[in-house]
Structure formats: C-alpha cells, structure tokens
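The values are calculated or read from the model by the stated rules, or taken from the named source; none is laboratory data. Quick caveat: nothing in here was measured; it's all calculated off a predicted structure. Backbone-built Cβ (ideal geometry, glycine too); neighbour counts: all protein chains shown. Just the protein is used for accessible areas: all its heavy atoms, side chains included, with ligands, DNA and RNA removed. Shrake-Rupley method; radii C 1.70, N 1.55, O 1.52, S 1.80 Å.
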Amino acid sequence: MRLSSSPLGAAALAAGLWLSSADAAMAQHWPTEPVTLAGGRLLIGGDASVTFGSDDPGWFTYTDYETSAIRRVRAGATIEVRATDRIAFLTEIRAETGAGVTPYAWYVRVSPLASGLVDIQAGRIPPVFGTFARRSYPQDNPLIGSPQTYQYLTSVRPDAVPATADDLLKMKGRGWLVKYPVGDQTPHNGVPTIAAERWDTGVQVRVGPPALEGSVSYTVGSLSDPRVGDNNGGGQIAGRVAWHPVPAFTVGVSAARGVFVADNVREARPDAPPGDDDQRAFGIDAEASWSRWLFRGEYVANSWSVPPLDVPRIVDPLGSRAGYVETKIRLHPRLYAAVRGDVIRFTTIEGSGGLDTWEADVSRLEYGVGITIRRGLLLKTSVLSNWRDGGRVRTDHLGAVQLLFWF
Amino acid sequence: MDGIRRSGVPRSVAATTAAAVALWLACGALAAGADGVIRGSVEIRRSQVVTEARPAAAGLGAAQRRPVEFRPAVVYLDSAPSGAFELPETGRAAMDQRNQAFVPHILAITVGTTVDFPNSDVTFHNVFSLSKTKAFDLGRYSRGKSKAVRFDRPGVVQVFCDIHSHMSAYILVFAHRYFAVTDQAGNFAIAGVPPGSYTLAVWHEGEVRDTRAVTIPDSGGAVDAAFVIR
C-alpha cells in the first residue's frame, strides 16, 4: 500500500504539513491547533519527529530488520472528513525512513445514534486490544522506546514455522532475522506480540458511555500480524472493556483470538496434523493520574499455536507473558521525567537438549526527560538498558534523543 | 511601534509606560478636563475558528463535536494616561474549563489579579502556560476543583491544557485599566479616559491587528472608533 518509496518522503511530508498548517491557520504563528476547514468538516493534524540513538548491536529496539525505533525520521498526517454529523472518513498517512509513505489507517466511522453511544468503524482500523498501539505517536509516549509487548521482535513468523523444537531453539534471541525450514525460506524478521507499527483491516464496534465502554472487532489478520489482505482464510475477533469510574483512573480488560499461521505453511506440509494455528491473548491495562503524576501499566498473556511437525515436536502453544509499568512526573511547566520498567518472559519447550524457554527472556528499563521548547515542539532524551537471557548480545545500554513537532 | 505591534501587549504596555508618564509630566495639564469614553466596534472578518480536537485515527469512536468558539478582540490604550500606572486594585477573575474549552477564551485583567481555573468537566484538565510573562503548571485536577494563579507582570499569557491539545486561551495582563474586551456583537467601550491624545490598539488572537490615534477633548465626551480585522 505504499504510495512512494522515496527516501525523502518523510522530510517532504513534514515540510508539506508545516506549510499547510502555517497557511491555513496562523501564518505568522507557530501552529498549535489542528487545521480546521469547511466549518469543521475537514480536520488535518500532523506530527513529525527525528530520533537519533546509539548503535543497537543486540537489535533490542528494531521494529523490523531494517528499522530501529531509536534511529528514524518520521512524519504523519491525520485527515478527518466529516461527510455528515454521523459519518466521517479518517486516514492517517505516515512517512518514515526506510518505509516510504504508507497509509497507516483508512476507515469510515459511522455514529448511528445522536447520543454517541455507538460507533462503527470499517477499513484499516485501530486495534481494540490494549492501549499502547492507539496512543497517537509520538507525543503520547513519554519516552522514546516502545513497550516490548508492542515492539520486541520474537522468533515467531506467520509465514514460516520450525519443523522441530530444535529449529525454534536455534533462533532464540534472533528475532530480527529468522529462517525456518517450513514455509517461506527467505530470512525475515519475526513478529512482536502485538504490532503497533501496522494496523489490521476489518470492522469494529464501540458501545457505551465513556464511564463503561466496550469494543469488539473482526479483522483479517492477528495481533502480531495485522494485514490488509487475508493470508490464511481465518480472521481474528478481539475485544476490550474499559471502566472509567473517576477521571483519575481507567482499567481495561482485553482479549483476542485469531488465526495466525499462513496458508503457505500447511501447503508446504500437508501432512501436518490439524490444529488451531492461532494466536490468543489476554490483557489488562490501567492508567491513573493525579496532579503532576501519570501512571500506566499493561500485562499481556499471549500464545501462538504452530503445527506440531517433526520430532522433537512443539506440542504446546508458544507462550509469552509481558508487562510494563511507566510513570511520568511534570517537574516544571517545560520539563518532565519518565521511567518505564518492562519485561517479557517466555514458556518452555522440550528440545533434544532438554527443557528450555523457546525464546530469550528480555528486560528493559528506560528512563528519560522531556523538554517542551514551545507548544507543539518537544525534545525527549532517554536511556534504554536492555538485558536478554540469550542471543549474541545480552546487554545493551542505549541512548536516544528525539525532537518532535505536532499540531 | 513596529516592535510593539509585532509582540502585542506585553512589550507595548511595558515600553509605553515610561513614555506616557514622561509625556504627562511634560504637558502637566491632562488632569484638568472631564473624563471621556472611547467606544466603537471591532468587526472580525476572518473566519471564526472551530476549535476541534486533533483528528485521531487511533480513536475507537467519535470525539464530541464542538461549536464555533467565540474569540473576541481586546481594545486598549497603547499609550496610557496619567495615573494609569498607579498600583491597580487587585481582584479575582475566573477562567472556567467547560466542554473541553476555556471560558472565556480571552481574559483581560490588571496586574495583581488572581485568576481561578475551575474544572467544570467530567474529565481531568491540566492548565499550564509556557509564557515568559507567567509560566505555570497546575497539574491534573478533577471536576469541582479549582486552582488559582496570580499574575503580577504585564503581558500576554497563552494558556493550554496538557491533556486536551485543542484547548487554548489568552490572558492579557495590563498595567492600567484602560482596556475592553469586545462583546458578541463586536462592541467595546473604555470609560473614564482623561483628556489627551492616545494610541488605541486592537488585539486579536496573539497579535496587535491595528492601531489608531484618538483624542479625548478637555470637555470629555465620547469618541468613536471602528476597526475591521481581515
């Protein structure tokens, strides 16, 4: 779905955003509000960021084989066209180094009731599971890195699977470039537990007042492999219920189940015993805030089922448990500090050498500060300390700086 | 004057203080006549802004639609008369947070005024300003609660909410009392102006848009002034 693969795409889009905002809103002022045209029928918001961090030889911060979350230029524009009071079309276009220009989201939103208690969205839609993937990048993220649940590349792939438990264990701690004997033989990065960098395609319904609302979606991909087109003949159903009893506190419970393994795997091994081939996840999230403090946390229990093929077979689903807590405190009108503790743990499988975790456990501590240069212009810097129980590089202390602008 | 016009009220008020006092001392006769009133209108031909939340494709539902926000102009004496800079009476004013908007959008006060920021919404708000005149951050607080800030320097203070990026407002802090905020019809009146010649300025959304020389005769009375902002 890329419109352009120009390496200058991000910079060009950023420049375009700047010019459009300056022209349409306040030509002589730094834009602080979205561009609003046609009496509120057309809204345009934008953001741009430049992130530069230290070299990451352990691939802890990579979102695919080529892109590190702490080394990229990124720009995005969100456009909302309100055709009527009940129907709106939304799209979010992003451009970033190495990825060209991509329509990240495009969908229609229908609000059938005047009360606003029901919304229906169809197209390439935001994920209902959890919270982090829906935080508008990057100003809602107090730090630079992402929680590992949403970014760390595991050794699981939808289009290629290990024939034996030993095949899987060989890839432990190497999620940035994975190769398996069954399915697509091309080395490719594995998937994170939940993909925050891509959104799925389908239909979503939200019901309820803000104090207690529920959302459910049916999409063609899965949490870790959102797609525009189907690759396995099965979809995913996901849902979240959020309770917002007081302004200071929100708690949510999420669940998802969807077919994960692509058809090409079973085509390559028609002798594989029938199975679910799915991804299942359950999550709890919470956010609390008071005065100058903000606290957030999520826990996700996840599993992937892959076909049990050759001995030693992978008989149980490949499980992971991940969670993070983060806090942000504003120290001065222009300065805040934030810290996030983040772990991901994996279940064990029986290989030729005995019982072992199928993927290397990883822990991360990220801490940093954000300095507001002016409204809509934020400078962030953080330190990411990563520890992994496997792989070639087991400890990696990284530094990063990010300058971001939004309106 | 160019510098004054570019920067708006803060430098204009501060920079003209000394000049106005000196002018009064030199003339020495301004206090003799009857006070007058400067009245008129400001017609804003620029389209009024619908202050919407940033479009969020990440939302699971529609954000509440918001009405067109009334954004008045402020008319004030750029060169103020004698006595204008005596210690103004300190008072209180309020800027509410209602329906995810600051109400009023423009607040004009004198130095020393304390402004209350009550929260009338069901959601949290976090009022803050990065302005040189007064930087502050009130933190998050809920419905029914209020926090206050005293403004002790003249200038323009742009106010935001750290949670709702579409919320913004202006507080204009004057060292004198010769100012007025236009009403819904665009009308204004500045009363009690001593006889003399002044520069009348009109400010709208962060900028001084126009200035005009006005004279209150010794006999006092009303002086009309009409502005058009395009």
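Observations on the model:
- Taking the accessible area of the protein assembly as shown, probe 1.4 Å, and keeping the other protein chains in place, the carbon and sulfur fraction comes to 59%.
- The lysines within cross-link reach of A:LYS170, meaning a Cα-to-Cα straight distance under 28 Å and a gap of 8 or more places when in the same chain, are A:LYS179.
- Centroid-to-centroid, using Cα positions, segment A:294-337 and segment A:60-127 are 23 Å apart.
- Residues listed by number, segment A:32-64, amide nitrogen under 20 Å from B:ARG46 label point at 7 Å toward C-beta: A:32-46
- Set of aspartates and glutamates with alpha-carbon distance to A:LYS328 below 18 Å, sequence-local pairs under 8 removed: A:ASP140, A:ASP285, A:GLU287, A:GLU298, A:ASP342, A:GLU366, B:ASP137, B:ASP162
- With each label modelled as a point 7 angstrom along the Cα→C-beta vector, the A:VAL315-A:ARG269 pair spans 1.6 nm.
- Within the protein assembly as shown, percent of DSSP bridges classed antiparallel, to nearest 5: 90
- Rounded to the nearest 10 degrees, the angle from helix A:9-24 to the longest Cα principal axis of chain A is 20 degrees.
- Chains B and A together bury roughly 3700 Å² of accessible area, counting both sides, with a 1.4 Å probe on protein heavy atoms only.
- Exposure of A:LEU355 as accessible area (Å², to 10), given a probe of 1.4 Å and all protein chains: 120
- Candidates A:ARG340, A:ARG375, A:ARG292, ranked by Gaussian network fluctuation over chain A, Cα under 10 Å, top entry: A:ARG292
- Alpha-carbon spread of the protein assembly as shown, three principal axes, descending order, Å: 107, 48, 46
- Computed helical MRE - 222 nm, the protein assembly as shown, DSSP H runs ≥ 4 contributing -39500 (n - 2.57), nearest 500: -2500 deg cm²/dmol
- Förster radius 30 Å - calculated FRET efficiency between B:THR123 and B:ALA185 (Cβ-Cβ, nearest 0.05): 0.40
- Highest-fluctuation residue, A:SER217, A:SER363, A:SER155 considered, GNM on chain A with Cα pairs under 10 Å: A:SER363
- Placing dummy labels 7 Å off each Cα toward the beta-carbon, the span from B:PHE70 to A:LYS170 is 7.5 nm.
- Solvent-accessible area per residue, Å², over the protein assembly as shown with all protein chains present [probe radius 1.4 Å]: 40
- Reachable lysines, given that their alpha-carbon falls under 20 Å from the alpha-carbon of B:LYS134 and they are not under 8 places away in the same chain: B:LYS147
- The label point for B:ASP116 and the one for A:LEU117, both projected 7 Å from the Cα toward the Cβ, are 3.5 nm apart.
- Length-normalised contact order of chain A in % [C-alpha pairs under 8 Å, at least 6 apart]: 15
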